[in-house]
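One structure below.
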Amino acid sequence: MADHPAFLLIDRTTALFCGVAAGIAIGLAFAPQFHNLITEAGPPPAVRPGLPSPPVAPGPDAARPGAVLPSDIASAAQVPDGLARAVADGRPFRIGVFGDSFGDGLWTALYNQLPRREAFQVLRYSQQATGFTRYRQTNLEEALARQLAEGPVDVAVISFGANDMQGLFVEGRVAPLLSPAWQAEIEQRIARYIGLLRAQGAVVVWIGLPVMRDGTFDAQVQGMNRFYADVMARLGVPFIDTRAAAAGPDGGYASHLPDPETGAPRLVRAGDGIHMSMRGYRLLTDTLAARVRAWGQAARDGKAVPPELVPPPAAPTLAAPPPTPAPEAAMASEPPAESAAPAPTATAEPPAAASQPVQLLPPVADTPVAPEPAPPRP
């Protein structure tokens, strides 16, 4: 009886259904991990040793604020002179982003946050592997003069510093990083740089650097941020502290942060522990972008933007690689440019109209100089 064909069919059919049910159960068990692989969500809780773990999602109602704007920045109702000038001249608002590769990421974020339909033209004036200690490679003041010759900048957003963790020569003598001679020289260069922007009517904002993964490098970044904040206070320039906006629950480095809508962990940092993902850069600029948009609306007095003031996007092309420094740039103050690191995932919106070739992906190149001993004192 047991060998009857009908019983064999029933037995095999039962085994088949049991196998299908087991497969469905296994699939449901791994569904969250599979979802993480095809979305921006972070990796599952089990991560490789030595890598930072994503934070525990606190829940969908845990909204995360962006970088807090300083009190000395103009209020939403106070229209900067440059934007009022743009309305009077009948042209788009020109927002210039200046900096190194970190500035490249800020530029891409601001382009996506300042719509062209609202007459914002976000210009990429950042350049990889540059800094105020690297004048033998690129003199930032001379480069700025050439950039401003292309047209006025109404709002200048600046971020430098990650490539400046080194000493430099001052009057033929080595000035170690953040020494009094170093600070005096760099402050003079920054003051001249900002002076050029203000002379043609720009309101200037400086964006500080976020938390870094390497503890030694992060300590240097904190010292650099304090130096920049003090210089900006003396120059009357708003300094935006970004450390809290991109930090984990303990105030330290975090590769993933909870999504404000779903609470799911989202990637906010690049793999080098220095740069940001596109989502991360937007965390640093969202409050500033909201303020700039409010300035634009106030400057137009609520009037609609005519089509002729909507700037066209530039045709995206591959950006040229960082220039090779001259042989003398290998001195203590001018180390060679580093090679490019992989770029993070870009948003779907195309890049901004810019005054130079742009990239489809937000650049995350020229890994800053690794932490190293300060140059020997003379």
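The values are calculated or read from the model by the stated rules, or taken from the named source; none is laboratory data. Nothing here was measured: the structure is a model prediction, and the numbers come from that model. Please note: Cβ atoms are built from the backbone with ideal geometry, for glycine as well, and neighbour counts cover all protein chains shown. What goes into the accessible areas is simple: the full protein's heavy atoms, side chains included, and nothing from ligands, DNA or RNA. Shrake-Rupley method; radii C 1.70, N 1.55, O 1.52, S 1.80 Å.
What's the FRET efficiency of D230 with E308 using the Cβ-Cβ distance as r and R₀ = 45 Å, to the nearest 0.05? Working shown, then result.
Details: r = 44 Å, r/R0 = 0.98.
Plugging the Cβ-Cβ distance into 1/(1 + (r/R0)^6) gives 0.55.
Using a basic spin-label model with each label point 7 Å from the Cα along Cα→Cβ, how many nm lie between D89 and A247?
Taking the simple label geometry, D89 and A247 are separated by 4.0 nm.
Quick one: order V155, V305 from most to least accessible surface, probe 1.4 Å.
Per-residue accessible area, sorted high to low, gives V305, V155.
Over the range 118-216, average the accessible area per residue using a 1.4 Å probe and give it in Å², no decimals. If you can, show how the numbers build up before the last one.
Values: 3190 Å² over 99 residues.
I get 32 Å² per residue for the range 118-216.
For the full complex of protein chains and a 1.4 angstrom probe, list E150, E141 by accessible area with the highest value first.
Of E150, E141, the descending order of accessible area is E150, E141.
Whenever you get a sec, line up D272, D164 from highest to lowest accessible area (probe 1.4 Å, protein heavy atoms).
On the way: D272 45, D164 0 Å².
Largest accessible area first, the residues go D272, D164.
Give the calculated FRET efficiency between A294 and V68 to the nearest 0.05, with a Förster radius of 22 Å applied to their Cβ-Cβ distance.
Efficiency at R0 = 22 Å is approximately 0.90.
How much solvent-accessible surface does S71 expose, in Å² to the nearest 10, with a 1.4 Å probe and all protein chains in place?
Ignoring ligands and nucleic acids, S71 comes out at about 120 Å².
Within the range 178-203, list the residues whose amide N lies under 19 Å from a label point set 7 Å along Cα→Cβ of A149.
Backbone N within reach: 193-201.
Could you tell me which of T130, L140, G167 has its Cα farthest along the dipole of the range 125-185 towards the positive end, charges placed at Cβ (Lys, Arg +1; Asp, Glu -1), taken about the Cα centre?
Working it through, the farthest residue towards the positive pole turns out to be G167.
Using a 1.4 Å probe, what is the accessible area per residue for the range 252-302, in Å²? Walk me through the numbers before you get to the answer.
On the way: 1650 Å² over 51 residues.
Solvent-accessible surface per residue comes out at 32 Å².
Just subtract the alpha-carbon distance of D81 and D272 from 0.36 nm times their residue separation and send over the number in nm, one decimal.
64.8 nm
Is the shape of the range 159-268 rounded, prolate or oblate, going by the alpha carbon gyration tensor and its root eigenvalues a ≥ b ≥ c, with a/c under 1.5 for rounded and a/b larger than b/c for prolate?
oblate
Carbon and sulfur: what percent of the range 178-227's accessible surface (1.4 Å probe)?
In the range 178-227, the share of accessible area belonging to carbon and sulfur is 54 percent.
Report, to one decimal in Å, the Kirkwood hydrodynamic radius for the range 106-235 based on all distinct Cα pairs.
For the range 106-235, inverting the mean 1/r across all distinct Cα pairs yields 16.0 Å.
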